[in-house]
Amino acid sequence: MVLTGLKGQRVLVTAASQGIGYGAAQAFLEEGARVVINSSNTDNLAKAQQSLSQFGEVHSVAADLTVGADIDNLVTKTVGLLGGIDTLIYVTGSPQPGTMMEQDYGTWESAARLLTISPSYLTKKVAEVMITQNVKGRIVLSASDAIREPEPNLALSNVCRISIFGIVRTLARELGSHGIRVNAVLPGTIKTGRIDQLVQDISKRNNVPEAMVMSRMVSQIPLGYIGSVDEMSKAFIYLGSELSSYVSGAVLPVDGAMLRSIG
């Protein structure tokens with residue numbers, strides 16, 4: 001019998017005050033891990049910590065992942081609270097929808113800081129801790145299936161989230177000799193506030209009812225339904241535990257078979 005081996009493990013989950021990050025934090029707590037959650041919204045973070053405390057030991061650290069000093073502080077405080085980091089689950093918010101021609105320099109700069117610089121720098125800082133403590137850790141980054149097949153009106157995500165591929169492929173090789181594994185998940189259509197935002201945007205752009213937009217969205221998913229946060233969390237548990245002990249450098253779609261591309 002293969003077990004996750006997560007009992008007592010030290011896990012940092014970013015953007016965990018709601019949505020996919022919250023679900024991931026709950027899943028690790030239910031496996032017996034000790035968890036630090038993060039968000040830039042202190043009110044939401046406090047509520048999330050209180051709610052998650054019923055599942056196990058959970059701490060919170062407020063940090064804006066687009067600010068280098070905040071990332072430094074997040075890692076330092078996590079190590080102080082847990083004694084180290086065995087698994088990093090990197091989740092982040094999404095930039096505004098829109099086409100490339102609708103974006104200006106400021107929106108590109110903000111998206112790059114959020115989706116490219118942030119995961120690159122945070123994974124470096126966490127890896128440094130793992131190497132110093134001789135921890136054979138796991139780093140799991142969340143991106144989007146849009147980096148395989150760009151989506152209309154999601155230009156910022158289509159372009160900037162591709163960096164996750166580069167981080168995974170590069171760090172998996174650089175950190176392999178230390179026993180640190182680096183992988184990523186590509187969420188498809190998962191029931192969160194982001195889906196509601198996209199449905200509203202498409203509805204407004206095309207002047208069609210939101211119910212029609214949602215119906216069309218579901219019709220594109222071969223499994224026939226929108227995935228749940230709980231289903232998404234299972235992928236994090238797999239890649240963030242010993243269940244995937246020989247998996248590194250992989251990118252796992254969690255999308256109900258929606259992607260059509262090969263490779």
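The values are calculated or read from the model by the stated rules, or taken from the named source; none is laboratory data. Quick caveat, the model's predicted, so the values are computed rather than measured. Note that we place each Cβ from the backbone using ideal geometry, even for glycine, and neighbour counts take in every protein chain shown.
For L239, the stated conditions do not hold, so it cannot be described as over 30 Å from G137 (Cα atoms), crowded, with 17+ Cβ neighbours inside 10 Å and not basic (K, R). Can you give me the number of residues within region 29-41 that are in contact with a helix residue (DSSP H, G or I) (Cβ under 7 Å, 6 or more places away or on another chain) and crowded, with 24+ Cβ neighbours inside 10 Å? Adding up the residues that qualify gives 5. Residues in region 217-226: is at least one among the hydrophobic types (A, V, I, L, M, F, W, C), modelled with pLDDT under 85 and buried (at least 16 other Cβ atoms within 10 Å of the Cβ)? So far as region 217-226 goes, no, none of its residues is among the hydrophobic types (A, V, I, L, M, F, W, C), modelled with pLDDT under 85 and buried (at least 16 other Cβ atoms within 10 Å of the Cβ).
Going residue by residue through region 128-142, is there one that turns out to be under 26 Å from M217 (Cα atoms) and out of contact with any helix residue (DSSP H, G or I) (no Cβ under 6 Å at 6 or more places or on another chain)? The answer is yes, given that some residue of region 128-142 is under 26 Å from M217 (Cα atoms) and out of contact with any helix residue (DSSP H, G or I) (no Cβ under 6 Å at 6 or more places or on another chain).
Looking across V168, V251, one residue alone is surrounded by 17 or more Cβ atoms within 10 Å (Cβ to Cβ), within 19 Å of G137 (Cβ to Cβ), in contact (Cβ under 8 Å) with a residue 40 or more places away in the chain and in contact with a Phe, Trp or Tyr (Cβ under 7 Å, 6 or more places away or on another chain). It is V251.
Would you call N44 surrounded by 15 or more Cβ atoms within 10 Å (Cβ to Cβ) and part of a strand (DSSP E or B)? Here the answer is no, as N44 does not meet what is asked. Looking at S163, S157, S203, S219, just one residue is without any contact (Cβ under 8 Å) to a residue 24 or more places away in the chain, under 30 Å from E102 (Cβ atoms) and either basic (K, R) or in contact with a Pro (Cβ under 9 Å, 6 or more places away or on another chain) (or both), and that residue is S203. Restricting region 186-198 to residues that are among the β-branched types (V, I, T) and either surrounded by fewer than 18 Cβ atoms within 10 Å (Cβ to Cβ) or under 13 Å from E151 (Cβ atoms) (or both), which is modelled with the lowest pLDDT? Residue satisfying both the conditions and the ranking: I195.
Only residues that are in a helix (DSSP H, G or I), in contact (Cβ under 8 Å) with a residue 40 or more places away in the chain and over 18 Å from S163 (Cα atoms) were counted across region 72-100, and they come to 8. Where residues in region 3-60 are among the hydroxyl-bearing types (S, T, Y) and in contact with an Asp or Glu (Cβ under 7 Å, 6 or more places away or on another chain), which of them is modelled with the lowest pLDDT? Among them, the one singled out is T4.
Of everything listed in (1) in contact (Cβ under 8 Å) with a residue 40 or more places away in the chain; (2) surrounded by 17 or more Cβ atoms within 10 Å (Cβ to Cβ); (3) outside any helix (DSSP H, G or I); (4) not aromatic (F, W, Y), the single unmet condition for K136 is (2).
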